[in-house]
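FYI, it's all coordinate maths here, none of it is from the lab. None of these values were measured; they are calculated from a predicted model.
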C-alpha cells in the first residue's frame with residue numbers, strides 16, 4: 001500500500017476538505033526530530049509556518065438576475081526553519097560578537113536559502129461539477145520543485161480524478177519515502193454509501209526511476225513506483241450494523257462540545273473485496289527487484305510475461321466503534337474506542353491457515369512466520385474527556401511480537417494527542433500531537449472530524 005506524502009511544507013495533502021462529515025486539517029506549528037520524511041533536512045528541526053489564504057466569487061447582474069461566477073481559492077504558505085537558524089548562530093559564535101558584527105552575521109544567516117520553503121496552492125471551481133487544483137512547492141536550497149495539477153469531476157454516481165505530478169513523494173507500507181520524477185494517474189470510483197457494493201479503478205503511469213529519501217531499504221522500490229504502467233481494479237462490499245444507540249435524552253439548553261461526538265452508540269462494519277493489479281513496464285528494471293515477484297507470489301494469484309505481470313487477491317476489513325457520553329458535561333462525559341482490523345491479503349491468510357491446520361493435524365508446532373500470516377493489521381484509537389473541552393487521545397497500531405515468543409500485544413508507532421474542542425464552531429478542535437517513534441510534534445486545527 002502506498003500513500004502520497006504532502007511534502008515538507010505540508011499544504012497539499014494536509015488540507016483535506018470533503019463533505020460535511022469530512023475533515024479539514026490546518027497545520028500551525030510543526031516540529032520534526034530526525035524524521036526521514038524531510039530527506040537532507042534530518043535532525044531536530046522546528047518549523048514556523050505562515051499561511052495566507054484568500055477566496056473570492058464573482059457575481060454579475062444580467063436582466064435583474066444575479067449569477068454566480070466560478071469560485072476561486074488560493075493559499076500561500078511560507079516556512080522558516082527556526083531550529084536550523086538557531087543552530088547555525090550558536091555554531092558560528094555570533095552571540096559573543098559586538099553589535100555591528102552581530103547584526104551582519106544575523107543578516108548573513110537569514111540570507112541562507114536552505115532556511116526557507118514555500119507552497120502556492122490554488123483551487124478553481126471551473127463548473128459546479130469540476131474542480132481544478134494547482135500546486136507549486138519549492139525549497140531554497142534545491143533546484144527541483146514539486147508541482148501538481150488535479151482535476152476532480154463529479155458524475156451522478158461516480159467521481160473522476162485526473163492527476164499529474166512532478167517529483168511527487170510516496171510512502172510505502174514499511175515507512176520508506178520515495179520521490180517519483182513524474183506520474184500521471186486517473187482514478188474512477190463509485191460514490192461511497194453506508195452499505196453497498198462499490199468499485200474503484202485506478203491507472204497510474206510513472207516516468208523515471210524512483211529515488212529513496214535518505215534511507216536505503218533492502219528490498220528496493222515498490223513495483224507500483226517503477227517506470228511503466230500500473231492498473232488496479234477493486235470491487236468491495238461494505239455492511240454497517242448499529243448494535244446499540246442511546247435513547248436517553250440529552251441535556252436541554254446545553255450545546256455539545258462537538259456535535260459529531262454527542263451520540264452514544266456501539267456499531268460494527270465489515271468490508272470484503274477483491275483486487276486485480278496489472279503491471280506493464282521495462283522488464284530489466286522490474287526484474288531487478290526480486291522482492292516484488294516474491295510479494296506477488298506470497299500475496300495472491302499471479303502470472304508473469306516478458307514485460308508484464310498481473311496479480312489477483314482478496315482483502316477484508318472489520319471496524320468496531322463504541323462511545324459513552326454525550327460530551328456535554330464538564331467531566332468524563334466522553335469515552336470513545338475505535339478498533340480496525342485489516343486483512344490486506346485474503347489468499348495469504350487462507351494459505352497460512354491451511355499450513356497451521358496441517359501442522360496441528362501432524363502434531364507439529366507452527367512457525368511464527370506462519371502464525372504471523374493469520375494476524376491482521378490492528379489499529380486502536382482511544383479518546384477520553386478530561387475536563388470541559390479538553391480530552392486525551394491515543395492512536396496506535398497493535399501487533400504481537402511473535403519473534404520473541406511473546407503473545408502480548410505491542411504498540412507500534414503510537415501518537416499521543418491533547419484535543420481542545422472549539423464549541424462555538426460546532427465541530428472543530430485544536431490538536432497538539434506527538435509521535436515518539438517518528439519524533440514529531442505538531443499543532444493543528446481540525447474541522448468536521450468524526
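Key figures for this structure:
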| quantity | calculated |
| --- | --- |
| Scattering profile of segment 317-450 at q = 0.13, 0.20, 0.21 Å⁻¹ [log10 I(q)/I(0), Debye over alpha-carbon scatterers] | -0.70, -1.18, -1.25 |
| Relative counts (whole %) of C-alpha pair distances in segment 203-262, using bins that are 5 Å wide | 4, 10, 12, 10, 8, 7, 6, 7, 11, 11, 8, 6, 1 |
| Translational diffusion coefficient (Stokes-Einstein; Kirkwood radius from C-alpha pairs) of segment 324-389 at 20 °C, 1.002 mPa s, in µm²/s | 143 |
| Segment 118-182 versus segment 417-450: alpha-carbon centroid distance in Å | 25 |
| 20 °C / 1.002 mPa s Stokes-Einstein diffusion coefficient of segment 125-198, Kirkwood radius on C-alpha pairs, µm²/s | 147 |
| Debye intensity ratio in log₁₀ form over the Cα atoms of segment 180-234, taken at each q of 0.31 Å⁻¹ | -1.20 |
| Largest-first ellipsoid semi-axes for segment 104-238, taking √(5λ) over the Cα gyration tensor eigenvalues, angstrom | 34, 22, 13 |
